[in-house]
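So the structure is just underneath, and the comments pick up after that.
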Amino acid sequence: MFGLFGFWKTFHSVAFYLSLAVGLCGLLGNGLVLWNLGLHIKKGPLSVYLLHLAAADFLFLGCQVGFSVAQAALGAEDLLYFVITFLGFAAGLCLLAAFSAERCVSDIFPGCYQRCRPRHASAVLCSLAWALTLPAVLVPAHACGLLWGPARPLACLRYHAASVTWLLALVCVACVAGLVLFIWVACCSQRQRPRFYGVTLGAVLLFSFCGLPFVLYWSLRPLLDFLLPIFPPLAAFLACINCSSKPVIYFAMGRQPGKREPLRAVLQRALGEAAEPAGAGPSLPLGSV
């Protein structure tokens, strides 16, 4: 028993410091994306999603790092910290689902997409993602006693089930859109790879491996805390990797092998707006990878 307790304590400490290090690096990376994409790079319809996604990741990592340090300093855990941290993560999932779905539709039905898409659809959908995330997370948290006041078991069960259903629907949208886009580009489309293709698949794959455990922890938190206490710090660490690695994907998509360029030029190539190559078919100007 003592050996198991020692292993758990060591694992928790290692996961804590790794999460802290990854979170700090992710804050720097997403901060650079926000600075450049928000102020210096001309945005297309889909790059608006990436701006908001960087903001959601920055919010999650900032809360994760700040609350982790506060918990370590105070020596106690507060479930309020987890709820506030999960807000940024859930907003990022909602934005990823919207971005992946629109990227998929824009390449499979480019003509219809160009004619029917409202001009400010990206901004409206991003605003809706932030607005819907608040009640989807805060209402069940309040009913289950994670914010303030006593828990109401029946209301907790009902609202939490609705929240989990909503999150799983977003997961399905993001993963199915990424899979359909991959199959379409690899097997059906005769055009060159669309812009943001690598960014979309990279973000979806990253979430599939590193983001899903955190959704699972939100869905089954009391059970996992009791049966598998090693799971919460592992899920938090993987979630930090998920939110910190997107700037690395942007850099990988934008850099040119053998050339040394400023970071802004690399991000401009990965996320900025450019003209569609000749013969690529009708499309809105989105940004190049």
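A few remarks follow.
- Summed over segment 96-122, the residues that are of a type in the set (D, E, K, R) and out of contact with any Leu (no Cβ under 8 Å at 6 or more places or on another chain) give a count of 2.
- Set L125, L93, L146: member being closer than 28 Å to L205 by Cα, surrounded by 13 or more Cβ atoms within 10 Å (Cβ to Cβ) and in contact with a Leu (Cβ under 6 Å, 6 or more places away or on another chain): L93
- Options C210, C172, C188: the member that is within 28 Å of S19 (Cα to Cα) and out of contact with any helix residue (DSSP H, G or I) (no Cβ under 7 Å at 6 or more places or on another chain): C172
- Those residues of segment 120-145 which are in contact with a Lys or Arg (Cβ under 9 Å, 6 or more places away or on another chain) and part of a loop (DSSP other than H, G, I, E, B), in sequence order: C144, G145
- Helices (runs of 4 or more DSSP H) (entirely within segment 149-243) containing at least 2 residues that are surrounded by fewer than 21 Cβ atoms within 10 Å (Cβ to Cβ) and in contact (Cβ under 8 Å) with a residue 12 or more places away in the chain: 153-183, 197-206, 212-219
- Restricted to segment 247-268, and to residues there that are charged (D, E, K, R) and in contact with a helix residue (DSSP H, G or I) (Cβ under 6 Å, 6 or more places away or on another chain), the residue that is surrounded by the fewest Cβ atoms within 10 Å (Cβ to Cβ) is R264.
Each value in this text was obtained by applying a stated rule to the coordinates, not by laboratory testing. What you are looking at is a predicted structure, and each value in this text was computed from that prediction instead of being measured. We place every Cβ from the backbone using ideal geometry, glycine too, and count neighbours over all the protein chains shown.
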